[in-house]
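In what follows, a single structure is set out as structure tokens and then discussed.
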Amino acid sequence: MSDIKLPQNDERQKRATDLAKAGSAYKYNNDIGLPLIDTAGPDDRNLPDWTLKTFALLLKLRTNVQAIYDKSGLKFQEPKPVRDIPKLIQVLKNGDNPIDYFTPDLGFVSSIQDNRAKAVSDYVDKVFIDRDKDNKGSAPLPEIATVWDSDKTFAYNFLAGPNPNQLERYRLESRPADFDITSIDLGSLPEFGGDSMARAISEGRVYLVDRSDLRAIFGNLPNAPAPNAAPRVFKSEIAGEWKYIYAPYVAFAVPPGGKHMLPIAIQCGPTAESFQIYTPRDGYTWKMARVCMLAAHNNHHEVVSHLGLTHLLIDPICMATRLRLHSSHPVYKLLSPHFEGTAAINISARTSLILPERSVDRLVGSKIERDYPYLAGQRLDYSFRANFPKLRMTSRGTDNGVLLPNYPYREDSALIWDAIHNWVSDYVSVWYTSEADIRADYELQAWANEINDIGKVKDFCLTGGGVQGRDDLIDILTMTIFTAGPQHAAVNFPQGKEMLFVPANPLAGYAQAPKGLGHAEADLLGILPPLDVAVQTWSILSLLAGVHNTNLGDYRGAFTFHPKSEFYRLKFIANLVLTEGNINSANSYRRSIYELDYVHLLPSRIPASINI
């Protein structure tokens with residue numbers, strides 16, 4: 001008897017009983033304003049290979065933590081981490097979080113003066129210590145550290161960095177009212193000689209990222225030096241120590257005949273009345289403005305694009321799969337490997353990582369309690385269907401490779417989407433031979449409605465509800481798999497490549513946004529994170545981006561006894577191999593432009609599920 005059956009074709013009387021029993025292990029948790037899995041079930045845990053990889057990474061990272069303590073010259077508040085085997089045994093025995101044992105937060109540097117970088121080189125010499133002359137060791141220096149200070153690399157962050165799908169075309173009819181760049185003398189900027197704003201806008205060569213929405217997470221605290229200031233934290237709030245979040249805009253333009261876009265204007269706050277526009281002619285003031293923009297962009301990345309729109313979007317889809325689909329259902333069989341470890345890692349994040357005064361609160365610019373309602377609102381307003389990658393690019397005016405050339409995320413995500421879509425189309429054709437099969441599948445219909453109505457995934461269902469045909473199911477499954485695998489890879493793994501070196505991608509500012517002109521290097525160093533934050537950023541992000549477990553296309557033998565499905569899976573693997581070759585070829589050219597590769601959507605680097 002086949003272990004995959006549609007419910008309308010399953011004569012087993014106990015199917016409904018089995019499904020009800022499996023679903024009884026689950027309930028929703030709404031603590032942060034979103035429906036999430038409260039307790040992981042037996043199918044949601046990471047397998048032993050994940051545990052082994054995670055412990056191996058933690059052991060490796062511990063080496064640099066100790067080297068920082070011994071060799072950086074920084075005097076930390078916390079005692080030196082020492083090997084304590086009885087404590088480790090107790091951690092493992094109790095099932096406690098091993099992160100605090102292997103990579104403990106060393107806390108603040110005892111002297112405020114010593115905690116500030118005296119030169120950008122301090123972010124290298126006092127953080128990336130355990131590495132040899134060949135850059136091998138537990139703390140290799142990321143490649144971006146050698147090119148971070150150029151406008152080209154700044155722009156690259158918005159095309160292939162941690163938050164790569166936020167661009168939109170600058171249109172006069174829909175531009176932000178408080179960000180008017182039409183009077184900028186574009187032709188006076190390097191690489192834009194002879195160009196004009198009017199021409200660039202009319203030709204569709206101008207783009208922006210609008211993060212003025214981050215006003216919603218300003219703390220407006222009564223004793224703070226500014227509305228956008230939040231107290232620094234380590235175990236508790238630290239009196240008199242402040243960090244800052246900003247609500248800025250940035251504009252980019254592609255020079256006529258150019259190979260890539262470049263930044264042309266930044267406004268560090270949401271209102272034109274209070275914040276002036278800076279351009280690349282403005283020296284260190286411009287560099288400070290870039291920090292403000294990156295801090296906002298990366299704050300949005302961690303809270304929304306990463307946590308909200310991958311982890312917490314997949315969570316209710318996983319929940320509905322456990323509640324509404326029998327384990328023998330073909331959609332359950334297809335999706336279950338894409339949920340491996342997701343509930344467990346989300347619960348861990350919700351009960352540890354994103355709590356007040358823990359790691360995320362320590363690093364991001366906002367006060368974490370202010371992030372919860374913003375996160376919930378962004379996730380609930382996110383349209384599942386409007387954000388199919390190609391549709392999103394089209395609606396935002398970033399789909400044209402001539403007007404916006406060399407956009408690595410756009411190009412690679414389209415290739416991966418097509419490969420997944422073809423695989424899902426083949427798989428659906430095996431198990432649903434007619435439209436009638438879709439209509440008759442009452443478990444499938446209940447599943448979709450659960451996600452749309454109870455899981456609150458906007459536009460999961462079309463008007464009328466349920467799944468409305470095979471093409472509809474193919475789109476739903478493709479987007480689910482894409483979000484759990486490639487999209488999460490695109491926003492998670494840059495943490496270990498583009499974000500470890502904090503001058504390249506800070507998560508917060510440590511001074512108010514610049515006013516006026518004439519700033520110097522000391523002002524730039526003053527707005528960049530202090531060294532204890534740089535150390536903790538390295539520690540946490542190295543872990544979050546260091547575990548690659550499961551692979552896109554690996555279904556852990558689910559289709560071994562289903563020859564058609566297994567044949568199509570192998571066809572999918574072959575397509576991914578071809579895609580990898582195409583991306584590697586593209587990267588050879590990209591390196592000649594950006595001096596960097598885009599590796600996060602190489603199929604061999606994409607896990608099947610969100611498990612870290």
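The values are calculated or read from the model by the stated rules, or taken from the named source; none is laboratory data. Remember, it's a predicted structure, so these values are computed and weren't measured experimentally. All Cβ positions, glycine included, derive from the backbone under ideal geometry; neighbour counts span all protein chains shown. Just the protein is used for accessible areas: all its heavy atoms, side chains included, with ligands, DNA and RNA removed. Shrake-Rupley method; radii C 1.70, N 1.55, O 1.52, S 1.80 Å.
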TODO: Within segment 550-569, count every residue that is acidic (Asp, Glu) and over 31 Å from the mean Cα position of the chain (by Cα).
DONE: 1
Task: Options Asp412, Asp418: the member that is acidic (Asp, Glu), assigned to a helix (DSSP H, G or I) and free of Cβ contacts under 8 Å to residues at least 12 places away in the same chain - done: Asp418
Open item on the list: Return the residues of segment 1-42 that are in contact (Cβ under 8 Å) with a residue 24 or more places away in the chain, more than 20 Å from Ile438 (Cβ to Cβ) and of a type in the set (Ser, Thr, Tyr); say none if nothing qualifies.
Closed with: Tyr26, Tyr28, Thr39
Open item on the list: Here is a check on your reading of the model: is Gly194 outside any strand (DSSP E or B), modelled with pLDDT under 95 and under 30 Å from Ser592 (Cβ atoms)?
Closed with: yes
- [ ] Might you check whether a residue that is in a helix (DSSP H, G or I), open to solvent by 20 Å² or more (accessible area, probe 1.4 Å), hydrophobic (A, V, I, L, M, F, W, C) and in contact (Cβ under 8 Å) with a residue 60 or more places away in the chain occurs anywhere in segment 275-288?
- [x] no
TODO: Return yes or no: is Asp532 open to solvent by 10 Å² or more (accessible area, probe 1.4 Å) and charged (D, E, K, R)?
DONE: no
TODO: Select, from Gly401, Gly466, the only residue that is modelled with pLDDT of 95 or more and touching a Leu at 6+ places or on another chain (Cβ under 9 Å).
DONE: Gly466
Task: Residue check for Asp151: under 30 Å from Glu411 (Cα atoms), of a type in the set (Asp, Glu), at pLDDT 85 or above and surrounded by 15 or more Cβ atoms within 10 Å (Cβ to Cβ) - done: yes
Open item on the list: Tell me the residue from Gly377, Gly401 that is surrounded by fewer than 21 Cβ atoms within 10 Å (Cβ to Cβ) and not in a loop (DSSP other than H, G, I, E, B), please.
Closed with: Gly377
Task: Search result, residues across segment 222-252 that are farther than 16 Å from Ala289 by Cβ and in contact with a Lys or Arg (Cβ under 8 Å, 6 or more places away or on another chain) - done: Ala229, Ala230, Pro231, Arg232, Val233, Phe234, Ile238, Glu241, Trp242, Lys243
Open item on the list: Which of the numbered conditions does Ala139 fail, given that it passes all the others? Conditions: (1) closer than 17 Å to Val502 by Cα; (2) assigned to a loop (DSSP other than H, G, I, E, B); (3) out of contact with any Asp or Glu (no Cβ under 6 Å at 6 or more places or on another chain).
Closed with: (3)
- [ ] Select from segment 131-156 the residues that are among the charged types (D, E, K, R) and farther than 17 Å from Gln495 by Cα and list them in ascending order.
- [x] Arg131, Asp132, Lys133, Asp134, Lys136, Asp149, Asp151, Lys152
TODO: Output yes when any residue across segment 166-185 is open to solvent by 10 Å² or more (accessible area, probe 1.4 Å), in contact with an Asp or Glu (Cβ under 6 Å, 6 or more places away or on another chain) and either of a type outside the set (D, E, K, R) or at pLDDT below 95 (or both), and no when none is.
DONE: yes
Task: segment 227-261, residues that are open to solvent by 10 Å² or more (accessible area, probe 1.4 Å) and small (Gly, Ala, Ser) - done: Ser236, Ala239, Gly240, Gly257, Gly258
- [ ] Might you check whether a residue that is assigned to a loop (DSSP other than H, G, I, E, B) and either open to solvent by less than 30 Å² (accessible area, probe 1.4 Å) or among the basic types (Lys, Arg) (or both) occurs anywhere in segment 568-577?
- [x] no
- [ ] Please name all residue pairs, on different chains or six or more residues apart, with Cβ atoms under 9 Å, provided the first residue is in segment 441-457 and is hydroxyl-bearing (Ser, Thr, Tyr) and modelled with pLDDT of 95 or more and the second residue is assigned to a helix (DSSP H, G or I) and open to solvent by 40 Å² or more (accessible area, probe 1.4 Å).
- [x] Tyr442/Gln8
TODO: For segment 14-104, please list each of the helices (runs of 4 or more DSSP H) lying entirely inside it that holds at least 2 residues being surrounded by 17 or more Cβ atoms within 10 Å (Cβ to Cβ).
DONE: 15-23, 48-71, 99-102
TODO: Kindly establish whether Gly466 is of a type outside the set (Val, Ile, Thr), free of Cβ contacts under 8 Å to residues at least 60 places away in the same chain and in a loop (DSSP other than H, G, I, E, B).
DONE: yes
- [ ] Give the residue that is surrounded by the most Cβ atoms within 10 Å (Cβ to Cβ), with candidates limited to residues of segment 483-507 that are among the aliphatic types (A, V, I, L, M) and under 8 Å from the mean Cα position of the chain (by Cα).
- [x] Ala490
- [ ] Kindly indicate whether Ala586 is among the aliphatic types (A, V, I, L, M), in contact (Cβ under 8 Å) with a residue 60 or more places away in the chain, in a loop (DSSP other than H, G, I, E, B) and under 29 Å from Glu143 (Cβ atoms).
- [x] no
Open item on the list: For the condition under 24 Å from the mean Cα position of the chain (by Cα) and within 18 Å of Phe179 (Cβ to Cβ), what is the one hit in His297, His311, His306, His301?
Closed with: His297
